[in-house]
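The block underneath contains the structure these notes are about, expressed in structure tokens.
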Amino acid sequence: MTAAGRALDGQVALVTGAGRGLGRAVAEALAREGAAVVLAARSRQQLAETAAAIKSGGGRALAIPTDVTQDAAVAALVEQTVGEFGRLDVLVTAAGTASFGPVAGTKPADWDAMLAVNLRAVMVCCCAVLPVMLQQRRGTIVNIASVAAQRFIPGAAAYAATKAGVVAWSRVLREEVRAEGVRVGVLVPGAVDTPLWDAIPGGPDRTRMLRPEDVARAVVLMVSMPPDATLEELTLLPAGGIL
């Protein structure tokens, strides 16, 4: 698509987890489609690298270091976004974390980070952008879940619970705001080859996983639908079918 006809020209997108992996790929893809992209993650260095990559390609990016598990930080993130750009059209919640192991022998504390990042932070981010989008009577939220929410994968009980929560949250939220011009979609990808797997020994064959760019293309599709259409749920799997 030519620059003159890019799908997201004039729009502002906020992407969490934008410092690396899936979030970075999504942010770069949205910028290529013309959106001004606000980048949120904890690592200043990684955010700076993502912002530099976007700007080197002629895109617009604003890096705001943010811990999405901190409610006040999320509120400040949205406030700064609107203060800088005057609007907020797209939210993509791509921040995530994972740990795996059988339920027997695990401790509740082992689940806390996943519950905080994968589920609660998604809920908080959605709540934070809603006042802006409802006032605009326009906006698209895409929450990134996981195929683990749909498949029974031994060792992934807590992770799956967080992602199933994201799916349920997204389904209910979209019904609440549909009539107000705000669209809510949930993307359910299979395994994606990202740095998340670096700390997980014995995982699936990463050469057979989805690439972050594959998921980014799906996000672009969801957020660039015409105003009278909405792509509410999308499952994206590797062609080989694993995970």
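The values are calculated or read from the model by the stated rules, or taken from the named source; none is laboratory data. In this text, all values refer to a predicted model and were calculated from it rather than measured experimentally. FYI the Cβ positions are ideal-geometry reconstructions off the backbone, even for glycines, and counts take in every protein chain you see. Just the protein is used for accessible areas: all its heavy atoms, side chains included, with ligands, DNA and RNA removed. Shrake-Rupley method; radii C 1.70, N 1.55, O 1.52, S 1.80 Å.
Could you please find all residues in segment 62-99 being touching a Phe, Trp or Tyr at 6+ places or on another chain (Cβ under 6 Å) and free of Cβ contacts under 8 Å to residues at least 60 places away in the same chain?
Pass one, segment 62-99, residues touching a Phe, Trp or Tyr at 6+ places or on another chain (Cβ under 6 Å): 98.
None; the set is empty.
VAL192 versus (1) at pLDDT 95 or above; (2) open to solvent by 10 Å² or more (accessible area, probe 1.4 Å); (3) under 17 Å from the mean Cα position of the chain (by Cα): which is the lone unmet condition?
With (1) at pLDDT 95 or above; (2) open to solvent by 10 Å² or more (accessible area, probe 1.4 Å); (3) under 17 Å from the mean Cα position of the chain (by Cα) applied to VAL192, the lone miss is (1).
Would you check which residues across segment 129-160 are basic (Lys, Arg) and surrounded by fewer than 14 Cβ atoms within 10 Å (Cβ to Cβ) and list them?
Result: ARG137, ARG151.
Which condition from (1) free of Cβ contacts under 8 Å to residues at least 24 places away in the same chain; (2) within 13 Å of the chain's Cα centre (by Cα) is the one that LYS163 breaks?
(1)
From the list ARG178, ARG206, pick out the single residue that is within 25 Å of ALA128 (Cα to Cα) and open to solvent by 60 Å² or more (accessible area, probe 1.4 Å).
Numbers: ARG206 fails: within 25 Å of ALA128 (Cα to Cα).
Only one candidate passes the filter, namely ARG178.
Pairs please, first residue from segment 33-49 and on the phi > 0 side of the Ramachandran plot, second anywhere and in a loop (DSSP other than H, G, I, E, B) and open to solvent by 40 Å² or more (accessible area, probe 1.4 Å), Cβ atoms under 6 Å, 6+ apart in sequence or on different chains.
The qualifying pairs are GLY34/ARG6; GLY34/ASP9.
Among (1) farther than 30 Å from GLN135 by Cα; (2) out of contact with any Pro (no Cβ under 9 Å at 6 or more places or on another chain); (3) touching a residue at least 12 places away in the same chain (Cβ under 8 Å); (4) of a type outside the set (S, T, N, Q), which single condition is VAL192 missing?
(2)
Tell me which of these ASP198 doesn't satisfy, since it passes every other one: (1) within 18 Å of the chain's Cα centre (by Cα); (2) under 13 Å from ALA98 (Cα atoms).
All conditions pass for ASP198, except number (1).
Which residue, of GLY83, GLY101, GLY139, is at positive phi and more than 16 Å from the chain's Cα centre (by Cα)?
Only one candidate passes the filter, namely GLY101.
I'd like the residue in segment 78-102 that is farther than 25 Å from LEU221 by Cβ and at pLDDT 95 or above and, out of all such residues, is surrounded by the most Cβ atoms within 10 Å (Cβ to Cβ).
VAL82
Go over the candidates ALA53, ALA41, ALA35 one by one and state the one that is open to solvent by 10 Å² or more (accessible area, probe 1.4 Å), touching a strand residue (DSSP E or B) at 6+ places or on another chain (Cβ under 9 Å) and farther than 30 Å from ALA157 by Cβ.
ALA53
Give segment 159-172 a look and list any residue that's under 22 Å from GLY23 (Cα atoms) and among the hydrophobic types (A, V, I, L, M, F, W, C), or say none.
ALA160, ALA161, ALA164, VAL166, VAL167, ALA168, TRP169
Table: residues versus (1) aromatic (Phe, Trp, Tyr); (2) touching a His at 6+ places or on another chain (Cβ under 9 Å); (3) in a loop (DSSP other than H, G, I, E, B).
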{"position": "PHE152", "(1), (2), (3)": "yes, no, yes"}
{"position": "LEU173", "(1), (2), (3)": "no, no, no"}
{"position": "ARG183", "(1), (2), (3)": "no, no, no"}
{"position": "GLY202", "(1), (2), (3)": "no, no, yes"}
{"position": "VAL219", "(1), (2), (3)": "no, no, no"}
{"position": "MET222", "(1), (2), (3)": "no, no, no"}
{"position": "THR230", "(1), (2), (3)": "no, no, yes"}
{"position": "ALA239", "(1), (2), (3)": "no, no, yes"}
{"position": "LEU243", "(1), (2), (3)": "no, no, yes"}
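Given the conditions (1) touching a strand residue (DSSP E or B) at 6+ places or on another chain (Cβ under 7 Å); (2) charged (D, E, K, R); (3) crowded, with 22+ Cβ neighbours inside 10 Å, which single one is not true for GLU233?
Checking GLU233 against (1) touching a strand residue (DSSP E or B) at 6+ places or on another chain (Cβ under 7 Å); (2) charged (D, E, K, R); (3) crowded, with 22+ Cβ neighbours inside 10 Å, the one that fails is (3).
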